[in-house]
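Take a look at the structure below.
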Amino acid sequence: MSLDLPFQSAKKLAAAVRKKKIGCLELLDLYLERVEAHNPALNAIIATDIEGARKRAKAADRALKAGKKVGPLHGVPMTIKESFDVAGLPTTWGDPAFKDSVAAENALVAQRMVDAGVTLFGKTNVPLNLADWQSYNEIYGSTNNPWDLTRTPGGSSGGSGAALAAGLTGIEAGSDIGASIRNPAHYCGVWGHKPTWNVVCPKGHALAGNVAYGDIGVVGPLARSAEDLELAMDIMAGPDEIDGRGWSLTLPRPKQKKLRDFKVAVLLSDPNAEVDQAVQDQIQKLADFLGKNKVKVSDTARPAFDTAELNDVYVRLLRGATSARMSDAVYQQALADAATLPADDMSYFAQMQRGNSLPHRTWLQLNEKRHRMRLAWDAFFQDYDIMLCPVAVSAAFPHDQEGLRHKRTIVVNNKKVPVVDQIFWAGYSGVTWLPSTAAPIGESPEGLPIGVQIIGPQYGDYSTIAFAKLLEKEYRGFVPPPAFA
């Protein structure tokens with residue numbers, strides 16, 4: 001399918017600029033026209049610097065005309081998740097207490113993309129404290145899914161996924177501790193990559209001037225093409241200035257050149273988070289396609305750990321990693337809840353409150369379990385190259401902003417289930433720091449995008465992306481949402 005220019009990959013947009021088929025300012029204005037026309041229905045882009053972006057685009061045109069060396073994304077218009085600092089724009093994480101907090105300088109990822117030539121013109125919406133698979137907050141309101149405006153685009157990089165799918169931006173960057181890159185990619189029909197932990201420095205992705213880099217959470221790219229993920233990782237990855245004095249990053253490049261070169265395991269569902277049949281069917285359809293194309297596929301191969309234990313470890317370490325964001329009053333309530341909850345209560349609420357009030361000794365014990373699972377994954381990847389599994393339990397669900405998140409439900413296989421149960425699929429790779437690429441593979445009976453999660457070994461980022469690139473070429477490419485094409 002030949003895509004209109006706004007839906008082309010960032011790599012192809014950059015090539016069009018270099019070949020002088022379109023100017024940098026002309027390309028920026030093309031996207032700004034689409035933002036003006038379509039963003040009111042989506043509310044994906046919530047802050048802009050149009051005057052500054054036009055000046056930068058004009059400068060980019062002059063540089064190209066003068067024959068100066070340009071970066072790999074020269075002239076490509078870009079937006080970025082609101083939680084990254086961008087000089088002159090607010091960084092609030094959706095919290096009204098920070099609505100007047102304006103960043104003084106760019107986050108490291110933002111600066112590296114600017115240095116690679118992008119024209120950064122705005123920021124995209126998030127949920128409060130990046131803590132939802134929906135993207136709404138009191139400051140900026142709600143973001144809608146371009147495939148169905150009554151549904152969530154995902155979170156917490158929901159504005160990123162919606163803007164990309166609707167053709168409002170050329171490339172994006174998000175963050176992921178609980179599928180916050182992978183989930184919007186799945187819900188919106190785009191690509192997203194959760195890097196191996198610590199290979200992309202999160203400097204400048206913080207609230208209130210915090211500078212420590214946390215556990216589990218990562219930052220990485222979202223795009224309309226898997227090839228853009230590879231290019232963005234080339235640009236983003238690597239240590240900050242301090243760590244760079246002592247170490248450098250060399251991610252291995254995959255040896256596999258064809259789909260049949262990969263050994264693939266497939267997981268359709270799990271007792272900890274039952275997956276809707278529509279999602280299972282699309283992953284099975286992909287597995288069948290791979291098998292017919294002489295790919296070694298196993299539907300039984302698994303890493304040697306108990307998934308219930310993995311989920312327990314993940315939820316508590318996850319909530320421990322994000323507990324510093326809580327107020328003293330909320331922390332005290334977590335302590336009180338954890339002290340009174342029955343030991344056999346393994347509900348999400350119970351595990352959340354235990355994690356929110358986690359003693360350091362318990363954290364160390366959970367971390368030991370985590371590292372044993374990390375070794376089990378590594379042993380698994382001696383025999384298999386990748387694991388294919390769901391990103392989430394269903395396609396995008398209808399907006400639901402009532403009450404507390406852990407009390408909300410979604411429908412899976414005609415049953416109401418807690419929306420928070422599906423966090424299992426975020427932690428399946430995330431708690432052990434593994435790379436995961438989300439790639440679109442089909443649609444639900446309702447016409448909503450469905451993606452697959454491609455998990456690889458630690459530091460195997462380019463392998464999962466390479467597999468996604470082959471799927472894009474041979475199985476399914478980008479499909480624009482009909483109302484925005």
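The values are calculated or read from the model by the stated rules, or taken from the named source; none is laboratory data. Not measured: the values here are computed from a predicted model. Counting neighbours? That spans all protein chains shown, and the Cβs are built from the backbone with ideal geometry, glycine included.
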- line: Within the range 39-54, residues farther than 9 Å from T124 by Cα, among the aliphatic types (A, V, I, L, M) and buried (at least 16 other Cβ atoms within 10 Å of the Cβ) come out as L42, A53
message: One residue is enough: does the range 329-345 have a residue meeting the conditions hydrophobic (A, V, I, L, M, F, W, C) and under 11 Å from R316 (Cα atoms)?
response: no
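Hey, can you tell me all the residues within the range 413-440 that are surrounded by fewer than 22 Cβ atoms within 10 Å (Cβ to Cβ) and either over 22 Å from the mean Cα position of the chain (by Cα) or in a strand (DSSP E or B) (or both)? Steps first, answer last, please.
So in the range 413-440, the residues surrounded by fewer than 22 Cβ atoms within 10 Å (Cβ to Cβ) come out as 413-418, 421, 433.
Across the range 413-440, the qualifying residues are N413, N414, K415, K416, V417, P418.
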message: Out of everything in the range 145-167 that is crowded, with 23+ Cβ neighbours inside 10 Å and of a type in the set (S, T, N, Q), what residue ends up being nearest to T48 (Cα to Cα)?
response: S160
- prompt: Consider W133 against the criteria (1) buried (at least 24 other Cβ atoms within 10 Å of the Cβ); (2) more than 18 Å from the chain's Cα centre (by Cα): it satisfies all of them except one. Which criterion is unmet?
  reply: (2)
task: Provide a single number: the residues in the range 443-456 that are touching a Pro at 6+ places or on another chain (Cβ under 8 Å) and either buried (at least 21 other Cβ atoms within 10 Å of the Cβ) or not assigned by TED's automatic domain parsing to the domain that holds I181 (or both).
output: 7
field: Condition met for G71 (surrounded by fewer than 20 Cβ atoms within 10 Å (Cβ to Cβ), assigned to a loop (DSSP other than H, G, I, E, B), touching a residue at least 12 places away in the same chain (Cβ under 8 Å) and in the same structural domain as L222 (by TED's automatic domain parsing))
entry: yes
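Take residues that are modelled with pLDDT under 95 and either among the acidic types (D, E) or in contact with a His (Cβ under 8 Å, 6 or more places away or on another chain) (or both) and tell me which of the helices (runs of 4 or more DSSP H) falling wholly in the range 1-67 contain 3 or more. Outline the logic, then answer.
On the way: elements: 10-18, 24-42, 50-65.
The helices (runs of 4 or more DSSP H) meeting that bar number zero.
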message: Restricting to the range 178-205, give me the number of residues that are out of contact with any Phe, Trp or Tyr (no Cβ under 9 Å at 6 or more places or on another chain) and either surrounded by fewer than 24 Cβ atoms within 10 Å (Cβ to Cβ) or of a type outside the set (A, V, I, L, M) (or both).
response: 5
